[in-house]
1. Largest first, how would Phe345, Phe308, Phe124 line up by accessible area (1.4 Å probe)?
2. Report, ordered by chain and residue number, the aspartates and glutamates lying within cross-link reach of Lys262, taken as a straight Cα distance under 18 Å and ignoring same-chain residues fewer than 8 apart.
3. Quick check: at a probe of 1.4 Å, how many percent of the accessible area of the chain sits on carbon and sulfur atoms?
4. How much net charge surrounds Arg310 when only other residues with a Cβ under 14 Å from its Cβ are counted (Lys, Arg +1; Asp, Glu -1)?
5. Among the listed pairs Lys83/Lys366; Lys83/Lys319; Lys65/Lys86; Lys83/Lys105; Lys319/Lys341, which have their C-alpha atoms separated by more than 28 angstrom in this model?
6. With every protein chain present, what accessible area does His74 have (1.4 Å probe, heavy atoms only), rounded to the nearest 10 Å²?
7. What angle, in degrees between 0 and 90 and rounded to the nearest 10, separates the Cα long axis of helix 255-264 from the longest principal axis of the Cα atoms of the chain?
8. Cα axis of helix 122-139 to longest principal axis of the chain: angle in degrees, 0 to 90, nearest 10?
Amino acid sequence: MTQYQKTLGPLQGIAMTVTTFIGTGLMILPAMSVAEAGSFAFYAWLITAAMIIPIAFIFALLGSKYPSAGGASHYIGRAFGAKYEKAVGWLFLSILLVGPAVAIKVAAAYLTIIFKTSDQWILFFSLLTLTGMLLFAVVGMQTSARFQTGIVIIMMLTILWLCFIGDISASRQVIEAPTTLSQWQQTLYATGVIFWCFLGIEVMAHMGAEFKNPTRDFPIALLGGITIVILSYLSLVLLIAWHHTYGDEVTNSQSLALLVSKLMGETSSRLFAVGAYIIAFANVAIYILGFSRMVQSMAQQGALPSIFIRLNQRGAPEKAVFLVGVITLSSILLSELSGWKMSWFIEMTNGSFLLIYTLTCIAALKLVNRVAQLLAMIALICCAFMMFFIGQSMLFAVIAFCLALSYEYMRSPKSPIKGPKLHVQ
C-alpha cells in the first residue's frame, strides 16, 4: 500500500481538480452542447454539474479510506470480489474501442487549421497524431504537473480575454430556461454528451488522502475546482452560442479556433490552434500511457499474457503500448469508415465510465458508514438519471461488462463437487 504524503492545501487541491477536468473536452463540448440543446445548453451544464458533485464526493470518501492505485476497480473488488475487480479492468480497456478516437480527431481538426488544409486531411492527421502519442508513451515521457498547470493557466487567461473582447455580458441573451416537456427533453438529453467533461472524476479518489486536513480542505478544493471548471465551460457555451461558431462535427471540433478567429483575427486563430493541439496531444498521450499501464497490471494479475509485463530500457511497457495503439487505430478507422457521429462515440465512452461510477456507488453502500451511505444513495440516483438520458449508448458498456464478468467466471478454477458423507455405524 502506498503511503500518501499529506502535503496538499486547498489551493493546490483546486489546481489539481481544474487540471483533471480541463482538457480536450474544452475544445468540443461547449459547441456540441449548444448544437444539441440550443439556448437551453446553459441549464444542461448546470444540471450535469449538480449530478456530478455527489459522485465526486463518493470517490473522495473511498479514496481516503482505501487508497489504492487500482481506484474504482479496487473498491468494487473489495465489495464484490476479485472477479468483479478484473471485469471492471476489462471494462476500462474496452473504452479504448470508442474513447481515444474522439480526442485524437479533435486534435487532428486543429492541425487542419494550422496547416490550412481541407477536412479530408483529418484521417491522415489523426494517424500522424496517434503515431506521435505512441512514441511519446514508448519513450516513457510523462508530462510534469508544472507543465499541465501552466497550460491550464494559459487556457484560463485566454478564456478571460475572450470573455472581455467577446462581450460576455451581452451573450447572456442566448440563455433560455426550458419550460415545456419537449424543451426539458432537449435539455436533459444534452447531459449525455456534457458528461464527457467530467470523465476522470475517479482521479479524485487519489487526492483525499494527500490533504493536510482532509475534512476541511478537501471539500473546498473539490467544490472550488469544479466551480472554476463549470464557469469556464459556461463562459464558452455563451460565447460560442452568441457568435455562432458551432454546427456540424468539424465546426464543433474547431469551435474555439473559429471563435478566436472571429474575435481576434486569423493569425491569432492559428496560434490558438497550436496551443489547442499541444493540450490535446499531452492529454491523450498520458491517457494512452495510463491504458498501457493498465494492460501491464492485468498481465501481472494473469488476465493477459505475460509478454505485456515487460518494460523497455526506459521503463515503459512497450508491448502494452503497441497493443493499445492497435486497438486505438482500429477505433479511428471504424469511426472514419462507419460514418458514425462523434457524439455516439462520446456517449458510448460516457456509458462505460457511468457504469463504473454506478458500480462504485453500489460498492460504497457496503464499504462506508451509515451517514455516507445516504450520500452514496444520492450519487446512485444521479447515475441512474444519467443512464436514462444516455439511453441505448449504455448497451456497449453493459455488454462489455457482462462478457468480461462471464469470462472471469469461466476461467476461474471450479471448486470440486462434494458428495454425500457416509456415516459408518
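The values are calculated or read from the model by the stated rules, or taken from the named source; none is laboratory data. These numbers come from a predicted model, not from an experiment. So basically every Cβ, Gly included, is an ideal-geometry build from the backbone, and we count neighbours across all protein chains shown. Note: areas computed on protein heavy atoms with side chains; ligands, DNA, RNA excluded. Shrake-Rupley method; radii C 1.70, N 1.55, O 1.52, S 1.80 Å.
1. Working: Phe345 5, Phe308 35, Phe124 110 Å².
Solvent-accessible surface, decreasing: Phe124, Phe308, Phe345.
2. Asp167, Asp248
3. Values: 12830 of 19590 Å².
Solvent-exposed carbon and sulfur of the chain make up 66 percent of the total.
4. Values: positive: Arg293, Arg314, Lys319; negative: Glu318.
Every neighbour counted, the sum reads +2.
5. On the way: Lys83/Lys366 17 Å; Lys83/Lys319 25 Å; Lys65/Lys86 21 Å; Lys83/Lys105 35 Å; Lys319/Lys341 31 Å.
Cα-Cα > 28 Å for Lys83/Lys105; Lys319/Lys341; rest within.
6. 30
7. The helix 255-264 is inclined about 30 degrees to the chain.
8. 50
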